[in-house]
Amino acid sequence: MILYLRIILLIGWGCLLFGGFIFGRPDKENEHRIPTWARMGSSLALVGAGWAGFLFSSEGPTKTFALFLAIGMTLGAVGDFAIAKLLPLPDYVIGGIAAFGLGHVAYIYGILQFANATGRDAAGTRWIAWAVWLLFGLVGWYVVVFRGSKATVLHWAALPYALLLASTAGFATGLALQAGEFWGLAIGATLFLISDLLLAAQLFNNLKFNLIGDVVWLTYGPGQMLIVYCLGFGS
């Protein structure tokens, strides 16, 4: 049952995201071909896949990991709705950052507890991978957000957020180096970070090019999918 349900949700996610891009029309700002409803629908499909993975997974470290993947994806969907200005928030950017940040706290906790519980906790591998990605996140924040700008509270708030996303990529890479089946998780976390840097360039430095919003989503969406499906289709 779980196998078929997660396959159906994956197909639905792909149809909404990629079908929306193929068949959609550019909006008035020429940032998106993928309609808002298709973007939000693809996010909700991954929320469903995450919770299905948790509910039907076997007891033990895998089930706990699946729980935090589902929580992280749910918070990511809240962030998507916030950034799309579909939630009644005083500041949609801060609301989105808060939701995505909490989602990544869930991802990181899930990765670390699973790695510890299954013996994939080699300190050197974990901490070196984390340090490398922290450096990448710091450089990315400086180049994309801080450099050439008059720093505001929001600019500085973006720094711990960038380091948090880089931490997810770092710990996922540390796990993948010890268990090759989790390279999808590491790639997914990397795509999430790249999409966020593109979004930050758009928000903070007014980066503009045709269909920039779709480029963000066609990076972010597959990243979230790889994270949610890192445990496979059923366990």
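The values are calculated or read from the model by the stated rules, or taken from the named source; none is laboratory data. If you're wondering where the values come from, they're calculated on a predicted model, not measured in any experiment. Positions of Cβ are backbone-derived with ideal geometry, glycine not excepted, and every protein chain shown enters the neighbour counts.
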Query raised in the report: Name the pairs whose Cβ atoms lie under 7 Å apart, with the first residue in the range 200-224 and without any contact (Cβ under 8 Å) to a residue 24 or more places away in the chain, the second in a helix (DSSP H, G or I) and of a type in the set (Ser, Thr, Tyr), and 6 or more positions between them or separate chains?
Result: VAL216/SER195
**Report entry** Answer from VAL144, VAL105 - the residue that is in a helix (DSSP H, G or I) and modelled with pLDDT under 95
**Finding:** VAL144
Query raised in the report: With respect to GLY76, is the statement that it is touching a residue at least 60 places away in the same chain (Cβ under 8 Å) and crowded, with 19+ Cβ neighbours inside 10 Å true?
Result: yes
**Report entry** Search result, residues across the range 76-129 that are at positive phi and either touching a helix residue (DSSP H, G or I) at 6+ places or on another chain (Cβ under 7 Å) or charged (D, E, K, R) (or both)
**Finding:** LYS85
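For the range 29-37, check the following and say yes or no: at least one residue is more than 16 Å from the chain's Cα centre (by Cα), outside any loop (DSSP other than H, G, I, E, B) and free of Cβ contacts under 8 Å to residues at least 60 places away in the same chain. Steps first, answer last, please.
If we filter the range 29-37 for residues that are more than 16 Å from the chain's Cα centre (by Cα), which is where we start, we get 29-37.
Those still in the list that are outside any loop (DSSP other than H, G, I, E, B) too: 36-37.
Applying the additional criterion that residues be free of Cβ contacts under 8 Å to residues at least 60 places away in the same chain yields 36-37.
Yes - at least one qualifying residue is present in the range 29-37.
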Report summary line: Checked ALA176, ALA189, ALA201 against criteria (of a type outside the set (Val, Ile, Thr) and more than 16 Å from VAL132 (Cβ to Cβ)); the one match is ALA201
Report task. Considering every residue within the range 38-56, establish whether at least one is assigned to a helix (DSSP H, G or I), within 22 Å of GLN202 (Cα to Cα) and free of Cβ contacts under 8 Å to residues at least 60 places away in the same chain. Result -> yes
Query raised in the report: Within the range 224-234, can you find the residues that are part of a helix (DSSP H, G or I) and surrounded by fewer than 22 Cβ atoms within 10 Å (Cβ to Cβ)?
Result: LEU226
Query raised in the report: Any idea which residue in the range 163-220 is surrounded by the fewest Cβ atoms within 10 Å (Cβ to Cβ), counting only those that are among the charged types (D, E, K, R) and in a helix (DSSP H, G or I)?
Result: GLU181
